[in-house]
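Report on one structure; see the data block that follows.
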Amino acid sequence: MGNLFCCVLVKQSDVAVKERFGKFQKVLNPGLQFVPWVIGDYVAGTLTLRLQQLDVQCETKTKVSNIEHT
C-alpha cells in the first residue's frame, strides 16, 4: 500500500538505500520518506544500525627480560 502513494516508512534503527533505475541516489534516514516509483525510484534495501557485540576471552603472554641496573 505504501508504494501506491510513493511513501516508504524506514524504521528508527535502520537506514534505506534509494536507487533510480539501478543507480545509487541517496541514503534514506529513519522516518516517512517519499520515493516516487513513477520516475524509477525504489528502495534497494535496508541496513540496520544496531550494534552487534561478541564477547571474546583473550590471553596474552609477555616476555620479561631480566635487566640488571647498576
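The values are calculated or read from the model by the stated rules, or taken from the named source; none is laboratory data. Note that the coordinates shown come from a computational prediction; the quantities given were computed from them, not determined experimentally. No Cβ is skipped: glycine too gets one built from the backbone with ideal geometry, and neighbour counts run over all protein chains shown.
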### Message
Anything in the range 38-70 that is surrounded by 10 or more Cβ atoms within 10 Å (Cβ to Cβ) and either at pLDDT below 85 or farther than 16 Å from VAL10 by Cα (or both)? List them, or say none.
### Response
GLY40
### Query
Quick one: ALA16 ticks every box in (1) surrounded by fewer than 11 Cβ atoms within 10 Å (Cβ to Cβ); (2) outside any loop (DSSP other than H, G, I, E, B); (3) under 12 Å from the mean Cα position of the chain (by Cα) bar one, so which box is it?
(1)
### Task
Would you be able to tell me the number of residues in the range 19-28 that are in contact (Cβ under 8 Å) with a residue 12 or more places away in the chain and surrounded by 11 or more Cβ atoms within 10 Å (Cβ to Cβ)?
5
